[in-house]
Amino acid sequence: MESRDQQELWAEICFLLSENINPDIQEKDFESQVIRVMEKLGWFEYKGEIQRQPIIQMGRKNSIRPDIVISDPDKKSSIVMEIKRPIEDLAKDEATGQLKSYMRQVKSAFGLLIGNKIRMYYDGELNPQQEPLLLDEISFNKSSKSGRRFVAIFEKDSFINRNYESYLNQLIEKFKAKRNIKKLKTILSTEDTKTKIIDYLKKEFTDYGSDIVDEALNDLIVTLSFKGSVTKQPPKQPPPSEPPTKERFKPGSSVETLLRIIQSHPSGISVPEIIKKTQFSHKKIANLVYKLKRQGKIDTIDKGVYAPIKKAGRPLPIIKQTGGIRETVYKFIKSDKRGVTFEELSKATPYDIGQLYNAVHSLKKQGKVDNISKGVYIAIS
């Protein structure tokens, strides 16, 4: 594709994804605009090259659902896309993390995060780091060189012929150089480097005599800093009596609403039940669940079923044996509707670990107790 054609096509992409839309456009409508862009680049939905929110099975029980997946003629997933409305902030870790996760799980070399700009990620065999590499962040500016480069990379024929490799190698070499510069700056600003400078000065001015040089250097202050760097002040420590602050979600926010609903169902609540209570979409629930799981607030106990994570260490009464081991263990688990950990069972009952394990296993087979998360049990009958 000639450079003039690339310029015109990039201008049309700017029109479709920025100039001619409302920033508050519905996400599905914005996805359709992105599909139009990919078709301008030579990929077609009717040929099966473009898939909208395909369900990709990961193992027997789990699956993922990226917004858009582009496949090459060999039906290999080559480009994964995460779409956000232009009004949303692409800088949030949640959106980036979700895209990177999809790339890793479907083994896609390229990922695109598209919203008020385009973020382009790479995770192919040339990636020099552990996680997907951010190649470029492209604003919707008609004269953007990065925009023309985007067209040159993702135009179908060019992409399949791997014409992007030269550009990719250049970007990766720049990334490696920046990483080495950063590493060297860290080394240069250490106390060890200052000591080496002092030793060099002692050898350089030996003509003055070692005593004079040592006396002069005693009053020398060696400071190493870089242009634009700011000396960071150590953070103020809170008073010893002040308890550490706990991360809280904003009252009334969607994530706080979902957390409260899940916490009110210690034995688990399914996505359809959550939708009835909140009217949230499947995608919104998936995003909120992702955030809550990262914070260690909830866990998956079955496909599409979530429960609050039970914290250990809560003081509970000692339960004396009132019959068989199973009866005693069942009575203890039933005494707390929020769930009981194995550690709490061990502390509150007079049995060893083997006896407790066998009792819990029998009760689960009888359908009297179940897990709400790993090692946490609740009575269900």
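The values are calculated or read from the model by the stated rules, or taken from the named source; none is laboratory data. Note that the coordinates shown come from a computational prediction; the quantities given were computed from them, not determined experimentally. In this analysis, Cβ positions are derived from the backbone assuming ideal geometry, glycine residues included, and neighbour counts consider all displayed protein chains.
Filtering the range 325-336 to residues that are surrounded by 14 or more Cβ atoms within 10 Å (Cβ to Cβ) and part of a helix (DSSP H, G or I) leaves Ile325, Arg326, Thr328, Val329, Tyr330, Lys331, Phe332, Ile333, Lys334. Among the residues of this structure, Asp370 counts as one that is in contact with a helix residue (DSSP H, G or I) (Cβ under 9 Å, 6 or more places away or on another chain), modelled with pLDDT of 80 or more and of a type in the set (Asp, Glu). Taken over the range 71-88, residues that are in contact (Cβ under 8 Å) with a residue 24 or more places away in the chain and either under 16 Å from Tyr122 (Cβ atoms) or acidic (Asp, Glu) (or both) amount to 8. Listed conditions (1) in contact with a helix residue (DSSP H, G or I) (Cβ under 7 Å, 6 or more places away or on another chain); (2) farther than 30 Å from Asp302 by Cβ are all met by Pro66, apart from (2).
If the condition is being under 17 Å from Asp67 (Cβ atoms), of a type outside the set (Phe, Trp, Tyr) and in a helix (DSSP H, G or I), then the range 265-300 contributes His282, Lys283, Lys284, Ile285, Ala286, Asn287, Leu288, Val289. Residues that are without any contact (Cβ under 8 Å) to a residue 60 or more places away in the chain and either touching a Leu at 6+ places or on another chain (Cβ under 9 Å) or not assigned by TED's automatic domain parsing to the domain that holds Gly97 (or both) within the range 127-149 comprise Asn127, Pro132, Leu133, Leu135, Asp136, Glu137, listed in sequence order. Restricting the range 128-165 to residues that are in a helix (DSSP H, G or I) and basic (Lys, Arg) leaves a set whose member that is nearest to the chain's Cα centre (by Cα) is Arg149.
Quick check on my filter: what residues within the range 181-231 are among the aromatic types (Phe, Trp, Tyr) and more than 42 Å from the chain's Cα centre (by Cα)? Correct list: Tyr200, Phe205, Tyr208. Taken together, the residues in the range 337-374 that are surrounded by 14 or more Cβ atoms within 10 Å (Cβ to Cβ) and within 15 Å of Ile309 (Cβ to Cβ) amount to 9.
A quick yes/no check of all residues on (1) among the acidic types (Asp, Glu); (2) out of contact with any Phe, Trp or Tyr (no Cβ under 6 Å at 6 or more places or on another chain):
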residue: Ile79; (1), (2): no, no
residue: Val106; (1), (2): no, yes
residue: Glu165; (1), (2): yes, yes
residue: Leu168; (1), (2): no, yes
residue: Lys176; (1), (2): no, yes
residue: Arg179; (1), (2): no, yes
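The set of residues in the range 89-126 that are in contact (Cβ under 8 Å) with a residue 40 or more places away in the chain, within 21 Å of Ala286 (Cα to Cα) and of a type in the set (S, T, N, Q) comprises Gln98, Gln105. Just for the range 166-220: of the residues that are in contact with a helix residue (DSSP H, G or I) (Cβ under 9 Å, 6 or more places away or on another chain) and not in a helix (DSSP H, G or I), which one is nearest to Met120 (Cα to Cα)? Result: Leu220. Here Glu173 does not fit the description of being buried (at least 17 other Cβ atoms within 10 Å of the Cβ) and of a type in the set (D, E, K, R). Would you call Ile261 modelled with pLDDT of 80 or more and more than 22 Å from Ser63 (Cβ to Cβ)? When the stated conditions are applied, Ile261 passes them.
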